[in-house]
Amino acid sequence: MEMRKPDWETPEQAASRLKRVATATIVGSMLEWYDFYLYATMASIVFSKVFFDSSNPTTASMMAFSTFAIGFVARPLGGVLFGYFGDRFGRKKLLYVTFFLMGVCTTAIGLIPSYATIGFWAPLLLVVIRILQGLGAGAEFAGASVTSYEHASDDRRGRQGSWPALGLNLGLLLSSFTVYLLTLGGDKFLQSGGWRIPFLLSSVLVMVGMWVRKRLPETPAFDRAEAGGAEKKPFKELFSTNRAGLMVVFLVAIGYNALSYIFKTFSLAYLTQFKGVSANVTSLSVTFASLVAIVAVPTFGWLCDKYSSKKVLIVGGLLSALFAYPFMALLSSGQNSLIYAALIVGTGILAPMMFAPQGSFLSRQFSVQSRSTGMGTAREIGTAIAGGLAPLWALSMVARSPGHATGGVVLILAASGLILSLGSAFDQGHRFSKHKN
């Protein structure tokens, strides 16, 4: 069994170490998901008018939303490259590099001139920056999860493995509340240049995060592997002994990301484009959902330690499949109170129920020598396929169907929940850990 802390460490030193680990992993996830919601919101409301030829609004809207998916194309490459980097040179260095890359790109988006100013160079710059940003984001969750997991004691892997999920929802809260404030007077301020403010403000979060991550200690598990002279051939280790774990992580990633990105991304575009709901309402619904999720995440982390991350994941997937039809029915009503209810249940409860266990569950599918590579590779390939394509596919299905019907979206959601539960049932963690988490 892996050692979770150095033998010489006092309780006070352990507490100090875990505070630094918690801060570093949470802040990084905050930035990734702060950008995620900002970009999803702006792509559905503003970017078609700012970065594309708006003479054909429908085409410009689909092209703007497609740039959201483009970021996912680079995620698998980032997961493989930076995951390998983490297994070869350490988890600390990995998290520092990925955070820097994501942070610079998020700020840079707020500086891109409009289509009216520089023509086709505007969408081209946007795409290039999204690809670079995707490289960093491709290893961020894997790095943060592995770091949290390897610093945890055996009886707290679920709770500490949920720290990146907590950062996710803090990032959603920060960005959605920012958008809510910017749209109090309607969407006009965003469209006239106000959209740049939250991207530029992210530079503050970047500076804080860089300082925090520089102070992050290396994980005890990696240090022990280093001291033991473990062979540093992550890909050889991964494909010789961890292939089943790759499939488990891939299936969980496919199921979760299709659900999560439809809950969080498709819903915003659907409400804006087909129901005429303002950004003020959609941002407030995500704010409410994020507040609920901040409480839900540690609760589900605790349940992972009590019952196992596998069981929590399976139940979360099944409940999400059952919620598919009610979710779309609530959104389709166009009523603010029902929209709030849909997002609170989907984004505030079900998504955290499926995401909080992943830090511990996915990490334990691999040995120490290939853990970062395995997580980054399998999860990000699944994320790129489902996270990038599922909301775009769902949106195109609604756009092309008579009367903008949502039955196809219901089927995608239900199938995704079942895939996640099925993947979780083939848990391989017993091969590398004696603990249920």
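Since every read-out is calculated from the coordinates, none of them should be taken as a lab result. Quick caveat, the model's predicted, so the values are computed rather than measured. Don't worry about glycine lacking a Cβ; one is built from the backbone with ideal geometry, like all the others, and counts go over all protein chains shown.
A few comments on the model shown:
- Estimated at 0.36 nm per residue, the fully extended path between Met210 and Leu338 surpasses their Cα-Cα distance by 42.1 nm.
- Using the Cβ-Cβ distance between Phe100 and Arg224 with R0 set to 25 Å, the FRET efficiency works out to roughly 0.35.
- Folded to 0 to 90 degrees: helix 57-89 orientation relative to the chain principal axis, Cα: 10
- P(r), alpha carbons of the stretch 368-437 - 10 Å bins starting at zero, rounded %: 16, 35, 27, 15, 7, 1
- Net charge contributed by nearby residues that have their C-beta within less than 14 Å of Thr272 (K/R +1, D/E -1): +2
- The residue list Gln160, Leu172, Ala279 was ranked by how far each Cα lies along the charge dipole of the stretch 12-428 toward its positive end, using unit charges on Cβ atoms, and Gln160 comes out on top.
- Phi angles of the stretch 101-111 translate, via the Karplus equation with coefficients 6.51, -1.76, 1.60 and θ = phi - 60°, into HN-Hα couplings of 5, 4, x, 4, 5, 4, 5, 5, 4, x, 9 Hz per residue; Gly and Pro are given as x.
- Packing, taken as the mean count of other beta carbons within 10 Å per residue, orders the peptides 398-407, 322-331, 165-174 from highest to lowest as 165-174, 322-331, 398-407.
- Here the gap between Leu181 and Ala425, fully extended at 0.36 nm per residue and compared with their Cα-Cα distance, gives a gain of 83.6 nm.
- The Cβ shell under 15 Å around Leu246 holds other residues with a net charge of +2, Lys and Arg each +1, Asp and Glu each -1.
- Figure legend: label point modelled 7 angstrom from the Cα of Ala22 along Cα→Cβ; residues of the stretch 139-161 with amide N under 15 Å from it are 148-149, 151-153, 156-161.
- Against the chain, whose longest principal axis comes from its Cα atoms, helix 309-332 is set at around 0 degrees.
- Links that overshoot a 26 Å alpha carbon limit, given the list Lys49/Lys275; Lys93/Lys306; Lys188/Lys275; Lys232/Lys311: Lys93/Lys306; Lys232/Lys311
- Cα-centred dipole magnitude for the chain, charges only on beta-carbon of K, R (+1) and D, E (-1), debye, nearest 20: 420
- Projected onto their three principal axes, the Cα atoms of the chain cover extents of 64, 44, 39 Å, largest first.
- With a cut-off of 20 Å on the backbone N, the residues of the stretch 383-409 near the modelled label site 7 Å out from Val73 along Cα-Cβ are 383-396.
- The C-alpha atoms of the chain define a longest principal axis, and helix 371-400 lies at about 20 degrees to it.
- With the convex hull of its Cα atoms as the shape, the stretch 103-181 has an orientation-averaged projected area of 6.7 nm².
- Rounded to whole Hz, the Karplus (6.51, -1.76, 1.60) HN-Hα couplings of the stretch 156-172, x for glycine and proline: 10, 5, x, 5, 6, x, 8, 4, x, 5, 5, x, 3, 6, 5, x, 4
- Kirkwood hydrodynamic radius (C-alpha pairs) into Stokes-Einstein, the stretch 33-134, 20 °C and 1.002 mPa s, D in µm²/s: 148
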